[in-house]
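Please treat every number below as a calculation from the coordinates, not as lab data. Remember, it's a predicted structure, so these values are computed and weren't measured experimentally. Counting neighbours? That spans all protein chains shown, and the Cβs are built from the backbone with ideal geometry, glycine included.
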Amino acid sequence: MRTVFNISGLLLCLLAALPGRAQVSDSASRPAPEQLAILQDTSYIVVRDIVVTGNKRTRRSIILREIGIKPGDTLRLRNLQVILETNRKQLLNTSLFLNVLTNVKDWNGNEANIVFDVWERWYLLAFPVFKLADRNFNQWWVEQKKASAA
């Protein structure tokens, strides 16, 4: 019975020592959570230019006025998707476009171009067309007996 206690005590000591050694080697290879947060905060891009494609009628200045991003702005990568989606919805809310696609292109180091690809709506304007039923106005005036009433 005594040997069973000795063997089980030895196993417990070994098992207790193994996780401690694993934690030492594990913490050396992984950065602390505070360091990880600092590393994630340093990733950013600088907007080099804003490119607008697909606009035929709408002026570029009108589109750029609705976008909350300007050339030279610094955007954090963790917020980039939310910022682009917000600007896409802002352009769609103008009711000038059927669809808006946003993209990041020409990524070079920390600088990139932001591309907005827009699909404009078709505009239908009512344009009245007047035609005379007779050859000219005088003939219509005489035939309708408007000349005698005046």
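Observations on the structure shown:
- Within the set Phe137, Phe97, Phe116, Phe127, the sole residue that is more than 20 Å from Ile45 (Cβ to Cβ), surrounded by 14 or more Cβ atoms within 10 Å (Cβ to Cβ) and aromatic (Phe, Trp, Tyr) turns out to be Phe97.
- Taking each residue of region 55-75 that is farther than 19 Å from Asn103 by Cα and looking for partners that are outside any helix (DSSP H, G or I) and not aromatic (Phe, Trp, Tyr) with beta-carbon atoms closer than 7 Å, six or more apart or interchain, yields Lys56/Glu120; Arg57/Glu120; Thr58/Leu96; Thr58/Glu120.
- Residue count for region 75-85 under the criterion of being surrounded by 15 or more Cβ atoms within 10 Å (Cβ to Cβ) and farther than 24 Å from Lys56 by Cβ: the result is 3.
- Of all residues in region 105-128, those that are in contact (Cβ under 8 Å) with a residue 60 or more places away in the chain and of a type in the set (A, V, I, L, M, F, W, C) total 7.
- On the stretch given as region 77-134, residues that are touching a strand residue (DSSP E or B) at 6+ places or on another chain (Cβ under 7 Å) and assigned to a loop (DSSP other than H, G, I, E, B) total 3.
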